[in-house]
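Data block below; observations after.
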Amino acid sequence: MQMTKTEKKEQDKTLSEVETENKEQKETSPEKEESPEEKLKTLQEKLLRTMAEMENQRRRFEKEKKDAFEFGGFNFAAESLSLLDNLERAVVSFKNDESLKNNKDLNKFIGGIEIVKKDLVSIFKKNGIVPIECVNKKFDPNFHQAMLELEDNTKDTGTVVQEIQKGYMMKDRLLRPSMVGITKKIEEKTIKDEKKTNKKDEKK
């Protein structure tokens, strides 16, 4: 049986009144008081959360303290590498100096520099500072900085074949990247040009 518009309107009004009454009852009815067991459970949960937060804070503090101890001298160590660089350059320079090659005291002088260099390397090693082995390794941008490319078809592209400046690690952190030269394939045009040059030389 189909409802008239008046009857439908009355029904909607009744439903609305019922919803309003239910809402008012919820607002006026007092909240149910927690039992002692429920209160205890709530307190236990809050205590566990607090303890977990305290433990997380303690771990963070321990890690920060450890990092500060291990890497506190990071910047100092990075700057100290220039001392080692200068010692190595000095040795090479003295060995290649024609005016010093006949000096009888040259070897003693170089030997003294080598001792200082060895002591410095030993100090670095004790503090977890070690050189990066890069020659004949695959180029890795995390540890290497490419300074030049060298044409070479005998090795895979991107192989480190020249160390321009030694890189160092301090424990598990990069102290300084290795400056390197890496391989690239010889272009076909270059190969053809070389073949032409060789043929011309043979004709001569």
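The values are calculated or read from the model by the stated rules, or taken from the named source; none is laboratory data. Just so you know, these numbers come straight off a predicted model, no measurement behind them. A quick note on method: Cβ atoms are made from the backbone with ideal geometry, for glycine too, and the neighbour counts reach across all protein chains shown.
Quick check on the stretch 77-90. Is at least one of its residues in the same structural domain as LYS184 (by TED's automatic domain parsing) and of a type in the set (Ser, Thr, Tyr)? Before you say what the answer is, go through the steps one by one.
Within the stretch 77-90, the first condition is being in the same structural domain as LYS184 (by TED's automatic domain parsing), and the residues that meet it are none.
There is no residue in the stretch 77-90 that is in the same structural domain as LYS184 (by TED's automatic domain parsing) and of a type in the set (Ser, Thr, Tyr).
Is it the case, given these coordinates, that PHE61 is at pLDDT below 80 and surrounded by 11 or more Cβ atoms within 10 Å (Cβ to Cβ)? Break it down stepwise before answering.
Working: at pLDDT below 80: yes; surrounded by 11 or more Cβ atoms within 10 Å (Cβ to Cβ): no.
Here the answer is no, as PHE61 does not meet what is asked.
Test ASN96 against the stated conditions and say whether it is assigned by TED's automatic domain parsing to the domain that holds GLY181, surrounded by fewer than 11 Cβ atoms within 10 Å (Cβ to Cβ) and without any contact (Cβ under 8 Å) to a residue 40 or more places away in the chain.
Values: assigned by TED's automatic domain parsing to the domain that holds GLY181: no; surrounded by fewer than 11 Cβ atoms within 10 Å (Cβ to Cβ): yes; without any contact (Cβ under 8 Å) to a residue 40 or more places away in the chain: yes.
Judged against the criteria, ASN96 is not a match.
Among the residues of the stretch 119-132, what is the count of those that are among the basic types (Lys, Arg) and in a loop (DSSP other than H, G, I, E, B)? Lay out the reasoning, then the answer.
Quick first cut of the stretch 119-132, residues among the basic types (Lys, Arg) only: 125-126.
From the residues that got through so far, the ones that are in a loop (DSSP other than H, G, I, E, B) too are none.
Adding up the residues that qualify gives 0.
If you scan the stretch 170-189, which residues turn out to be in a loop (DSSP other than H, G, I, E, B) and over 15 Å from ALA77 (Cβ atoms)?
Here is the first cut: in the stretch 170-189, the residues in a loop (DSSP other than H, G, I, E, B) are 171-172, 177, 185-187.
Residues satisfying the conditions are LYS185, ILE186, GLU187.
Within the stretch 123-139, count every residue that is surrounded by fewer than 18 Cβ atoms within 10 Å (Cβ to Cβ), closer than 12 Å to ALA77 by Cα and β-branched (Val, Ile, Thr).
2
Within the stretch 133-152, work out how many residues are under 13 Å from ILE164 (Cβ atoms) and either part of a strand (DSSP E or B) or assigned by TED's automatic domain parsing to the domain that holds GLU79 (or both).
Counting residues in the stretch 133-152 that are under 13 Å from ILE164 (Cβ atoms) and either part of a strand (DSSP E or B) or assigned by TED's automatic domain parsing to the domain that holds GLU79 (or both) gives 7.
If you check every pair at least six apart or on different chains, which have Cβ atoms under 6 Å apart with a residue in the stretch 100-122 that is surrounded by 12 or more Cβ atoms within 10 Å (Cβ to Cβ) and at pLDDT 85 or above first and a residue that is aromatic (Phe, Trp, Tyr) and not in a loop (DSSP other than H, G, I, E, B) second?
So the pair list comes out as ILE110/PHE94.
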